[in-house]
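Each value in this text was obtained by applying a stated rule to the coordinates, not by laboratory testing. These numbers come from a predicted model, not from an experiment. As a convention, Cβ positions derive from the backbone with ideal geometry for all residues, glycine included, and neighbour counts pool all protein chains shown.
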Amino acid sequence: MTLPWILVTGNGAFGTLASRTELHYADNPSSAVALALDGEEIGGHRVVGRSLIWGERPEEALLPLLREQEPPAAVIACGVFSGRSTVTVERTAVNVEDFQFAEDGRRPAGEPLYPDGPAAYLSTLPIKAMATAMRAAGVPALISNSASTHGCNAVMYTALHLTAQAGWPTRCGFVHLPDTPEHVAQIGHNGPSMSLALQISAVRAGIAAVVAHPSDIPVPANEWEW
């Protein structure tokens, strides 16, 4: 019997043209997390972990993965957010690209990802259950209400848009991960960091929460973003 599967993605290298050195990532920890979880079985679901090539448009990177086999039960896309001290489970993806710096010769300045798409999508993952499970696993985690307007938002929006357009029951969302201590040490920065092992534990707990909770837990987020 073939197990249902969950796609976990991480982003590749980026930021070579960013003026802020903390945004230069030759190695993206989110890809390391996704690849570390590849092949695991969690809650009767097979995890498929893949690294997305940053230079590709999200649709070009995601579509072949989504079409490899039957539609996945869930897509949990991951990316790094330099400066955040906790794992953050994203609530909203917006139909906007507005980059801090150029990537692959492109620097959008407010253009829509999909001209005919809705203004925004809400995550269809149980985000409160995921953050709660991550904290229970000993990993600092919060709900975030904005995936920003760079590549991570684009990946989250694209996953939600493609599955909605296809009419699949696939649940989709995004998890932002902190920087790693190794990267912070390399650039001599004073920002926050989290070990790769803790990040893997967080996403693993998040996957288990997705399987265990067909709908989210009915509790206030109890968090604010001003």
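Calculate the FRET efficiency for S146 and L3 from the Cβ-Cβ distance with a Förster distance of 41 Å, rounded to the nearest 0.05. FRET efficiency, S146 to L3: 0.75. Taking the square roots of 5 times each eigenvalue of the Cα gyration tensor of the stretch 120-187, largest first, gives ellipsoid semi-axes of 25, 17, 9 Å. Towards the positive end of the charge dipole of the stretch 106-226, with charges on Cβ (+1 Lys, Arg; -1 Asp, Glu), say which of G206, I127, S148 has the farthest Cα. The Cα lying farthest towards the positive end belongs to G206. Protection proxy ranking for 170-179, 113-122, 34-43, using the average of other Cβ atoms within 10 Å per residue and placing the highest first: 170-179, 34-43, 113-122. Applying 0.36 nm per residue to the separation of A120 and H189 and subtracting their alpha-carbon distance, the gain on full extension is 21.5 nm. Can you tell me the FRET efficiency between S215 and E59 if r is taken as the Cβ-Cβ distance and R0 is 22 Å, rounded to the nearest 0.05? So the FRET efficiency works out to roughly 0.20.
Given a Förster radius of 25 Å and the C-beta distance between A136 and A164 as r, what FRET efficiency does 1/(1 + (r/R0)^6) yield to the nearest 0.05?
On the way: r = 31 Å, r/R0 = 1.23.
Efficiency, from the Cβ-Cβ distance: 0.20.
The GluC sites (Glu not before Pro) of the stretch 132-226 that meet both conditions, a loop assignment by DSSP and at most 15 other Cβ atoms within 10 Å of the site Cβ, are E223, E225.
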